[in-house]
Every structure is written in C-alpha cells, then in structure tokens.
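The values are calculated or read from the model by the stated rules, or taken from the named source; none is laboratory data. Source: prediction; values computed, not measured. FYI the Cβ positions are ideal-geometry reconstructions off the backbone, even for glycines, and counts take in every protein chain you see. Surface areas here come from the heavy atoms of the whole protein model, side chains and all, with no ligands, DNA or RNA. Shrake-Rupley method; radii C 1.70, N 1.55, O 1.52, S 1.80 Å.
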Amino acid sequence: MVDSSGSSARPTPSSSLPSPQALRMRPHICILGGGVGGLYTAVYAQIYRALRGDRCRITLVEPRSRFVFSPLLYELLSDEFAPWQVIPSYDVILKETAVERRQDSARDIDLKHRQVTLASGDTLHYDYLVVALGSQPRMPPIPGLREHAFNFRSFEDAQGIQQRLNAVRSCGRNFNESPISVAIIGAGPSGVELACKIGDLLGDTGRIVLIERGSELLKPFTSAARRVAYKALNKRRVEQQFECSAADIQADRIRIDTASGDRWIDTDLVLWTAGAAPMDWPGTDPVPQNDRRQCRIRPTLQLPGHPEVLVLGDMADGRDHKNNPTPNTAQVAYQSADRAAANLNALLTRQSLKPFHYSHLGDMLTLGVGDALVDSSMGFTLDGSLAALARRVVYTYRLPTWHHRLKVARYELGRWLRRQFGGTLKERDRRHSLPPSC
C-alpha cells in the first residue's frame, strides 16, 4: 500500500479489526444452561477460531451467579474444599473469554423463528442453539417429601444440611443415648458418598440409615467397586436397608415399607438422592422425546428437523456405539460438550459434523474424609488415601478453565506443604465467605 507521497503506509492497528457492520453480522450461538454441558461447551468453543469473539457471538443463559462443580460438592460438607474452589462465579470463569452471560432463564424456544424468550421478557435471536438445561430432583408423591427432605444438588443444599446438623449438635441432648439420626433415601453414587461423608462428620454421635428400593447399592458399578463401597459403609457403621421404600416423611421420623411390613425410624435429617428427571423443554413446540422426556437426538447431538439446534447432557437421549443409553453423569456432559463445540465449529466452517461417541473412563466416588474409590475402565480399582488423592487431582484438572485449575492447585499444594512442614494454616471461612477475587 502506497500513500500520496509515494512511501509505503503502515496499516493502523484498527485496520485489522472487523468493522462494526461485520461484528453485527456475526453468527449468534445461544447456550441455554450453565451446568457442565452448557458452560463447558462455551469454554471449549474458545479453542476454535471460527467461534471466537471477532467472528462469532456466544451468549450463555444461566439464572445462577455461580457454577456448581457437583463432583466436589461433598467436600463442602466436610470443609475439605472451600466454596470458591467448588462454586466459582461465572464472571471469573468467563472473564478471559468473549462469552456474554445473561443471568436469566429460558421461558420459550421458538424453533421456527429461531428465537428464545427469557423469563425477563427479553428475546434472543440465534443462528445456532445449544440446549443443556440439566436435570431436577425426581420427587414422587411421598407424603412429607418436599416439606422435610433435603436434596443435595447445590451450595444452598450443602449449607442447609450443615445448618441442620449444627442445630442438632447444639440442642444439648445426650448423643450417647440418642445419636443424631440421618436417613438417606437412595443407594446410588450420591447416597453412598453422602453416607460415608456424614458418617465421618458425626462419628460415634451419629446413626446413618441408607434406604434402597433395590437389592444392592451402586447397581451399575462393577462388583469390585461395590465391594469397596460396602467396606467403607460398614467401617462407618452405616445401616443398609434394601428392598424397602420411603412411604411417609415427617419432621422427626420416616416410615419405610418392606416386604415384612412397615416401620418407623426416628430421624433428625432426611436426604433424598433417589433419582433425577430432565428439565422440561421450554415452550410449546413439539420435540421428539423418549419415555423419560429426554429429547431424541441424532448422533451428532442435533435435534431432528432442526440441524441448528444441539441438545446435550441430562436432557438428551444419548446413545453409545451399541445404542445403549448413556448415563446422566458429569463424565458424559464433559465429553458431549467437547463434541458440541467441535460440531458448532463444523457448522460455521461448513465441514462435516462428527457423531458423539461416549467413552466410559471409569468411576470415582468419595467414601469419607480422605478416602475414595477409583474404579478404572482399564480394570484396576483403588481405594483409601491414594484413591482420594487421585480423585482430587483428576477433578482439579476437570475444573472449567486453566486459570481456575491452577489457582485451586496452588492453594491445595500450599495447604499440603504447610501440613507437612509445620506452621499455622490460616484458612478462610469456608462456609459463609468467598475470596473477593472469586
């Protein structure tokens, strides 16, 4: 380029930026839901040039202000992790990205006109849509369930359980004669993890009863994993009631039905972990669903008849290579978010989309303070403190961004070094405060 004087002109920095008109013409990707599926899709999208802010707009719609990393939520009960580590704010996670966050929720999806109406009344027009609204507790019509039982899905749930246990501890009764009684309904992964964690917290002052409709715990897990779980529960003297179900829940007791009749158990706390249901599809447009009300999707995660819409996570009827349904776990959500971001890039760059193939990497559970289970898909099973360390490392790596991972890793390494080499560890108030930077 030559100017009027005949000399070469250097382009100004602004000349390499897209024009305001070009920015207005950027394709708009709207992501509904800030759980693992939705948030990680937004984060993974940042590695693709076509999905970056100068070429594409990405809006994440999520009503909460903080992301909940649910696999480590149990460590909040035992103060092994601080809230800022497990529930970082979306603003902190997304500050290094061009993702725009709307603290709102979807009220209606108009598939024909490609627009989302939010609860606030605002309307978002999209070129591509990702629906990853997750799941909600499945609450059958058991008398007293909604009034007296706690779920365990959020920071507020963890706080409520802590506050309830603290209130019982401070009531002044003789716990040797009348221990703190906790009933946990559902012996899946969450029920087993809560039973072990609360068992360690209460020790000899507690009585934990694990109630399961089936004949065994952790039914989808391997026999080796179940043996480790039984061992951990028995070590903590957790009572296991199989082939029975909760029939009535009151403020201070629960009635369970068994083959030999019903009986009452006195309780100070009831926890409900017996299943979840996908969130309802927003709006009235008909979408194909299975009998669990999950959206039927193509192998590429696309909604049939609407290739611009991707559905993933607990709302999707995902299938593996043998056409078996994929489990509703964070592991599936991680992997499907990775594929969703890659397929969005393919849509924008007019490349062929690839199917999502779930690869089961194994299972990890916390089994109390400093204890865990790692059941690898490669055929080995670890338990005890080594498994707890491995689980902590893996889940730290699975945190949403490298910035947050490194911050958590540095903090945990510092705590470990101070424990090993002495000194006073001045910890933040983990239950009620968060560092200003988070």
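See the values below:
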| read-out | value |
| --- | --- |
| Positions within the stretch 368-389 being open to solvent by less than 50 Å² (accessible area, probe 1.4 Å), acidic (Asp, Glu) and either closer than 18 Å to Ala195 by Cα or free of Cβ contacts under 8 Å to residues at least 12 places away in the same chain (or both), in sequence order | Asp371 |
| Residue in the stretch 64-80 that is hydrophobic (A, V, I, L, M, F, W, C), at pLDDT 95 or above and open to solvent by 10 Å² or more (accessible area, probe 1.4 Å) present | yes |
| Which listed residue, of Phe155, Phe150, is under 20 Å from Phe81 (Cα atoms), surrounded by fewer than 22 Cβ atoms within 10 Å (Cβ to Cβ) and among the hydrophobic types (A, V, I, L, M, F, W, C) | Phe155 |
| The listed residue being crowded, with 16+ Cβ neighbours inside 10 Å and without any contact (Cβ under 8 Å) to a residue 24 or more places away in the chain, out of Arg398, Arg410, Arg392 | Arg392 |
| Residue count for the stretch 221-254, restricted to those that are of a type in the set (D, E, K, R) and part of a strand (DSSP E or B) | 3 |
| Residue list for the stretch 190-241, restricted to those being among the polar types (S, T, N, Q), closer than 27 Å to Leu361 by Cα and open to solvent by less than 60 Å² (accessible area, probe 1.4 Å) | Ser190 |
| Sole residue being under 24 Å from Val369 (Cβ atoms), in contact (Cβ under 8 Å) with a residue 60 or more places away in the chain and touching a helix residue (DSSP H, G or I) at 6+ places or on another chain (Cβ under 9 Å), chosen from Ala183, Ala232, Ala225, Ala246 | Ala232 |
| Residues located in the stretch 249-272, provided they are hydroxyl-bearing (Ser, Thr, Tyr) and open to solvent by 80 Å² or more (accessible area, probe 1.4 Å) | Ser260 |
| Criterion (under 19 Å from the mean Cα position of the chain (by Cα) and modelled with pLDDT under 95) met by exactly one of Ala276, Ala337, Ala341 | Ala276 |
| Any hit, the stretch 165-188, residues being in contact with a Leu (Cβ under 6 Å, 6 or more places away or on another chain) and in a helix (DSSP H, G or I) | no |
